[in-house]
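Inspection log for the structure reproduced underneath, given as structure tokens.
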């Protein structure tokens, strides 16, 4: 089974981070968000504003008051390291549920302060890496935000080649994972997060208007899906993943490579998109001579631009990918990562880009290896330390572009793939844990952030990849209880 497409008192800087990230984690998170206070705090962190008290020395006195210069005292000792803010014994006690035999014989874990320092807890039985399943999406999302930027959008466009008797219009795929057949609205029946999406009907209308303005009423039609290269289905996936779990990865598809009713994945998403675009173009008043055929990138490069529609931002795509564990969206992001870093939109290029970027940012892969962006491959291996390292990287003040990753993690008991987890029984985890789930047959994992009862923020990764199939549900419950234990503890000094 794979994740279906559908989470001692701190100083001023640490308190600000806790106030922002802990908002949706605290038991009163729902009220905080409804009143707007939490959202304001998040905006403060994103925009670099601080709402803490001002340093009195920074406030200028009235001109009529003569005061001496402020003399800064010399510190008698270095500030305590961030790692000292968590008690190892307390964290270990909070995670006693990891000893549940339902989790199987190979359980790994790592926990540390979100703002860095030495890990407060590590558990490894046997191999120090495990199958991560969809917690892989945390890594993919972080690297996408880093390389592409949170505000990047992808274009689906039309271009016109006028060299023939009848002009040739080419539909060019730009790697928009959420391009649809018809216009949608964010509240169009899906209770999960839905960004505003581009659609092929709007592109057809804009194209028709531009063609008519130039006096063109008839065209031949081509399509160009050459942005992505290599196999469309990962050779390290199980043979039955298509059509059950994922579509052939394409830079040009509609509704993530599904039929109009959403029930079936199509074997050639780009050709299907071209057929649908042809219908929309005819409805918009343009005559199309013949069918749609694949065009070369060379023709596209020299053709004149006609019209364009744009995808949601990378930050919005990441939010959707993490909230509902969207395998298709994650695989498109991996291809875009490959293009940005390696100049090639393939699985291999994306894999190489991820490894290079992590290493460049101080996150050593060791024995970890990733073959896809979604976590569907059972040959993927990650250590919990890598996942914790990525979460800390996303939280660091030096990389504000990665902050949307933390905001996108599902909230236990409230949103996305954690909406129905930790929603019954002890309330310790509800609202206090944000995490990405990972589920394959025999695999159960969680990677995210938790805030304890004293406001200490922790990054954690919990992994089990030898779960007996009859114990799958019980293993998930044990994993939830372990994560909830971090929310219930008083793990600080």
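Couple of notes before you dig in:
- Label point at residue 469 placed 7 Å out along Cα→Cβ; residues across region 232-257 whose backbone nitrogen lies under 17 Å: 238-241
- Taking every alpha-carbon pair under 8 Å whose residues sit at least 6 apart, region 235-276 reaches a relative contact order of 36 percent.
- Relative contact order of region 356-493, pairs being alpha-carbon contacts under 8 Å that are 6 or more residues apart, as %: 18
- Taking one quarter of the surface of the convex hull spanned by the alpha-carbon atoms of region 253-398 gives a direction-averaged projected area of 12.0 nm².
- Each of 242, 146, 347 was scored by other Cβ atoms within 10 Å of its Cβ. Arranged with the fewest first, they read 242, 146, 347.
- With R₀ set to 22 Å, the beta-carbon distance separating residue 185 from residue 153 gives a calculated FRET efficiency near 0.75.
- Modelled spin-label separation between residue 259 and residue 96, with each label point placed 7 Å from Cα along the Cα-to-Cβ direction: 5.4 nm.
- Considering only alpha-carbon pairs that sit under 8 angstrom and 6 or more positions apart, the relative contact order computed for region 155-312 is 37 percent.
- Mean projected area of the Cα convex hull of region 155-312, taken over all directions, amounts to 9.8 nm².
- By the beta-carbon count within 10 Å of each Cβ, the least crowded to most crowded order of 253, 393, fewest first, is 393, 253.
- Descending principal axes extents, region 115-235, alpha-carbon based, whole Å: 69, 36, 25
- Short to long, the 10 Å bins of the Cα pair-distance histogram for region 367-493 hold 13, 42, 36, 9, 0 percent of all pairs.
- Net length gained if the chain between residue 301 and residue 355 were fully extended (0.36 nm per residue, minus Cα distance): 16.3 nm
- Taking label positions 7 Å along the Cα-Cβ direction at both residue 88 and residue 105, the computed distance is 2.8 nm, reported to one decimal.
Any read-out appearing in this document is the output of simple, stated calculations on the displayed coordinates, not a laboratory observation. Predicted, not measured: the structure shown is a model, and the values here were computed from it. Don't worry about glycine lacking a Cβ; one is built from the backbone with ideal geometry, like all the others, and counts go over all protein chains shown.
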